[in-house]
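Asks: Right, I'll just put the structure down here and ask away after.
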Amino acid sequence: MPSPEGNLTWMPALDHPELLAPPVAAALPGIRTARVAAIDPGLADTAAFCAAYDVDPAASANCVVVEGRRGDVTTRAAVMVLATDRADVNRVVRKHLGVRKISFADQSVAEELTGMQQGGITPVGLPAGWPILVDTAVVAAGPVVIGAGLRGAKLLVDGAALTELPGAEVLALTL
C-alpha cells in the first residue's frame, strides 16, 4: 500500500551529503529531521517515482520555480504543492508576487540559479531572497517526499517544517 516512505531505505540526511546538491546540504541543518533516500535518477519525475517506489502521490510535494515580471523587475519564487494538486500560478501566485506576467522558469535558468538538477529542485537551499510559497495542504500533509537537489535522491520531511525555511509563506495555492 502506498505510503510516504514507500519501499525506500531512508537515512538521516545530515549523514549523507553525497546524496544532496551542495546548496541543499548547506541549508539542511535547518531541517534536522530530514531523511534522504537514493533513487534511480531516471525515476525522479513524480509519477514514475511514486509508481516505482510505492510512494503515495498525496505524500509527494513538487517544487516548481516561477519567474514573474513587472516592468524591468524579475521576481523568482518556488511554489510547493502536493503531487495530486495543481498550483494556480496565473492568478494566486501572480497576484501574491505582485507581478504582471508569470511563467515557469526555463529549465536551464532554474538549474543555474539554484545549483540543483531539474527533477530534484527543492525549496531547501534556494537562493537568498526567493519567496517559497507553500500550499496549505503541504503543511497539513505530515511527512512528504521532496527533491534533494539531485535527480538521484529524495528527501522525506514533515510538510510543516518547510514553513521554517527562509522566505517561506503558507498560502492556499491550488486550483
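Every read-out reported here was derived from the displayed coordinates using simple, explicitly stated rules and does not represent laboratory data. Remember, predicted model here, so these are calculated numbers, not experimental data. Don't worry about glycine lacking a Cβ; one is built from the backbone with ideal geometry, like all the others, and counts go over all protein chains shown.
Asks: Return the residue satisfying two criteria in turn: it lies in region 80-127 and is over 14 Å from the mean Cα position of the chain (by Cα) and among the acidic types (D, E), and of such residues it is nearest to A160 (Cα to Cα).
Replies: By that ranking, first place goes to D88.
Asks: For residues in region 33-75 being hydrophobic (A, V, I, L, M, F, W, C) and out of contact with any strand residue (DSSP E or B) (no Cβ under 9 Å at 6 or more places or on another chain), which is nearest to H96 (Cα to Cα)?
Replies: Going through region 33-75, the residues hydrophobic (A, V, I, L, M, F, W, C) turn out to be 34, 36-39, 43-44, 47-52, 55, 58-59, 61, 63-66, 73.
Restricting the remaining residues to those that are out of contact with any strand residue (DSSP E or B) (no Cβ under 9 Å at 6 or more places or on another chain) gives 43, 47-48, 51-52, 73.
Values: L43: 33, A47: 29, A48: 32, A51: 34, A52: 36, V73: 15 Å.
Top of the filtered list is V73.
Asks: Does region 117-150 hold any residues that are among the hydroxyl-bearing types (S, T, Y) and farther than 19 Å from W10 by Cα, and which are they? Please lay out each step first, then the result.
Replies: Going through region 117-150, the residues among the hydroxyl-bearing types (S, T, Y) turn out to be 122, 136.
Answer for region 117-150, where residues must be among the hydroxyl-bearing types (S, T, Y) and farther than 19 Å from W10 by Cα: just T136.
Asks: Taking region 152-163, which residues are within 14 Å of the chain's Cα centre (by Cα) and surrounded by fewer than 21 Cβ atoms within 10 Å (Cβ to Cβ)? Before you say what the answer is, go through the steps one by one.
Replies: To start, the set of residues in region 152-163 that are within 14 Å of the chain's Cα centre (by Cα) comprises 153-163.
Correct list: D158, A160, A161, T163.
Asks: Quick one: in region 1-12, which of the residues that are among the aliphatic types (A, V, I, L, M) and either free of Cβ contacts under 8 Å to residues at least 24 places away in the same chain or more than 21 Å from M80 (Cβ to Cβ) (or both) is surrounded by the most Cβ atoms within 10 Å (Cβ to Cβ)?
Replies: Initial filter on region 1-12 (among the aliphatic types (A, V, I, L, M)): 1, 8, 11.
Then drop every residue that is not either free of Cβ contacts under 8 Å to residues at least 24 places away in the same chain or more than 21 Å from M80 (Cβ to Cβ) (or both), which leaves 1, 11.
Details: M1: 4, M11: 14.
Per the criteria, the residue is M11.
Asks: Taking only region 13-34 into account, find how many residues are within 23 Å of G142 (Cα to Cα) and surrounded by fewer than 16 Cβ atoms within 10 Å (Cβ to Cβ). Can you show your working first?
Replies: Filtering region 13-34 down to residues within 23 Å of G142 (Cα to Cα) leaves 13-16, 19-20, 24-25, 27-34.
Filter once more, keeping what is surrounded by fewer than 16 Cβ atoms within 10 Å (Cβ to Cβ): 15, 29-30, 32-33.
Residues that pass the stated criteria total 5.
Asks: For the list (1) buried (at least 20 other Cβ atoms within 10 Å of the Cβ); (2) over 14 Å from the mean Cα position of the chain (by Cα); (3) of a type outside the set (A, V, I, L, M, F, W, C), I need the number of the one condition that N62 fails.
Replies: Among (1) buried (at least 20 other Cβ atoms within 10 Å of the Cβ); (2) over 14 Å from the mean Cα position of the chain (by Cα); (3) of a type outside the set (A, V, I, L, M, F, W, C), the lone unmet condition for N62 is (2).
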